[in-house]
């Protein structure tokens, strides 16, 4: 089943025929919001608002572990994250869509980055953090409806909640060679891989961050909302088309990411540890 994680400005999915509302408790705490299960364009999906109903959580306050774990518990095996992002490239314009392939972690350690630790050790590869099959499905869907889509871009995740300085913007653009900047996809993408879930980010480009010389092009909350709704309409059109075709099989590198990654022997784990690890392995 596909799960949709809605970012800033997307707290419910228009057109979703709601069948259930799940209040989930996980070993890692409570998710950002109630998880909605329903039928969207004849396909059963899950929807979770990353920042909670009414945008209650700042990026570093989101319980990313609980969100991913709850979605996995409810049967999700693919995650499409819709995220607002600033552009670090002139050719990626506000109002356009972009699909990421790589992530640069520029956060500051305020977040829980892994399910592992406290007696359970694992090292999961993140060299190719997104699922190539799901990314190809999204790209194909955009192509079928002739929706322009930038692909294979690198997303820099910053701590927030403040907007960045020009020095930071230039560093991410020129030194780190990133294409997009946002505040939420780390550790979300890496937790999805630890949960053996196919994951990709569809970025809704809202601004040029602040690297451009013209201050009128710099990011602001007003600029964000002025651009976001039209861009969201484009993203929903891609989602509608995506659900018309079957998904490609998830590659083994994603679906079995934990096979040789867990170092702690099962017979040394507590029943509680075995239970949550079993969910990740499922």
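Every number in this text was worked out from the coordinates using simple rules, so none of it is lab data. Computed from a prediction, not measured in an experiment: that's the story for all the values here. Positions of Cβ are generated from backbone atoms using ideal geometry, with glycine treated the same way; all protein chains shown enter the neighbour counts.
Of note:
- Exposure proxy shown here: for 274, 153, the number of other Cβ atoms within 10 Å sets the order, fewest to most, as 274, 153.
- Residue among 90, 168, 37 with the largest mean-square fluctuation in a Gaussian network model of the chain, springs linking Cα atoms under 10 Å: 90
- For the chain, the longest principal axis of the C-alpha atoms and the axis of helix 221-242 are separated by about 60°.
- GNM result for the chain, Cα springs below 10 Å: residue of 73, 184, 272 fluctuating most strongly: 272
- Inter-label distance for residue 281 and residue 136, nm, one decimal - labels placed 7 Å from Cα along Cα-to-Cβ: 2.9 nm
- Degrees separating the helix 64-73 axis from the principal Cα axis of the chain, which is the longest one: 60 degrees
- Each of 68, 5, 92, 145 has some number of other Cβ atoms within 10 Å of its Cβ, and from fewest to most they run 145, 92, 5, 68.
- Folded to 0 to 90 degrees: helix 132-144 orientation relative to the chain principal axis, Cα: 40 degrees
- Most mobile of 75, 119, 182 in a GNM of the chain (Cα contacts under 10 Å): 119
- Order of 162, 77 under a 10 Å beta carbon neighbour criterion, fewest first: 162, 77
- The chain: Rg to Rh, with Rh as the Kirkwood radius over Cα pairs: 0.95
- Rounded to 5, percent antiparallel among DSSP beta bridges of region 2-281: 40 percent
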